[in-house]
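Notes follow the structure.
The values are calculated or read from the model by the stated rules, or taken from the named source; none is laboratory data. Source: prediction; values computed, not measured. Here the Cβ positions follow ideal geometry from the backbone for every residue, glycine too, while neighbour counts run over all protein chains shown. What goes into the accessible areas is simple: the full protein's heavy atoms, side chains included, and nothing from ligands, DNA or RNA. Shrake-Rupley method; radii C 1.70, N 1.55, O 1.52, S 1.80 Å.
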Amino acid sequence: MNNNENRTGILQNFAQNLGLQFNNPELLQIALTHPSFGHEKKQKHNQRLEFLGDAVLDVVISDYLFHMDDLDEGQLTKIRANFVQEKSLAYYAKKIGIGEVLLLGRGAEKDKDRLRPAVLADALEALIGAIYKDRGLMAVKDFVIRQMGSELDKAMQNHEVKENYKTLLQEDIQKTQMLNVLYKVIGRRGPQHQPIFTVAVYIDGKESGTGEGKSRREAEQAAAKMAYKARLKK
């Protein structure tokens, strides 16, 4: 078996393991060819596919997150940024074994570029670009959701917990006018060692949200969240 046949077999196995099928296998070959190898062998390399894949990935992630009606633009932007940054893409590239099948030039191989996050992230974007060119947007969506879907869902569930809704509410109010914001405990229930607090938030004297929590601080955050989301819908 010559080198070309061996390479073809490696890429076929790689694609099959990811549930991918290519009408044009050359696109997969190009996607997994680093510029150092392309320049050395005077072959096509993955920079153009990387450019395309970067844009397509943004669209796919944005569309997936868009269906989360309870997250605003700022929250969606933060989650998307976390998933398209180099560190995250390198993690997924390593997870699916891109580094093991990527062709690099002699110098890049010597410098261990195969392990560099930037190289891995670029190769993953190039692979996404190749899938898009070969099979279209739906195939990319299927691939991305299979590889990243569970982490995307987890990030969306955890994101609200990390948000400081008291700060968000205060910032939103200050955009238009200075209004007085007051948090008041209006209820407490449960045993002494495990109380549940109920807090109301008043904006300029008007009750604008209520929330419960195992501490006063947690209840205030819940009340602020209700008030903040109500203001977004106006």
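In region 35-51, what residues are buried (at least 19 other Cβ atoms within 10 Å of the Cβ) and not in a loop (DSSP other than H, G, I, E, B)? Hits for region 35-51 are 36, 37, 49, 50.
Looking at region 131-151, which of its residues are of a type in the set (A, V, I, L, M, F, W, C) and open to solvent by less than 10 Å² (accessible area, probe 1.4 Å)? Of everything in region 131-151, those that are of a type in the set (A, V, I, L, M, F, W, C) and open to solvent by less than 10 Å² (accessible area, probe 1.4 Å) turn out to be 131, 140, 143, 144, 148.
When the residues of region 1-34 are filtered to those that are open to solvent by 20 Å² or more (accessible area, probe 1.4 Å) and either basic (Lys, Arg) or within 17 Å of residue 89 (Cβ to Cβ) (or both), the one that is modelled with the highest pLDDT is 34.
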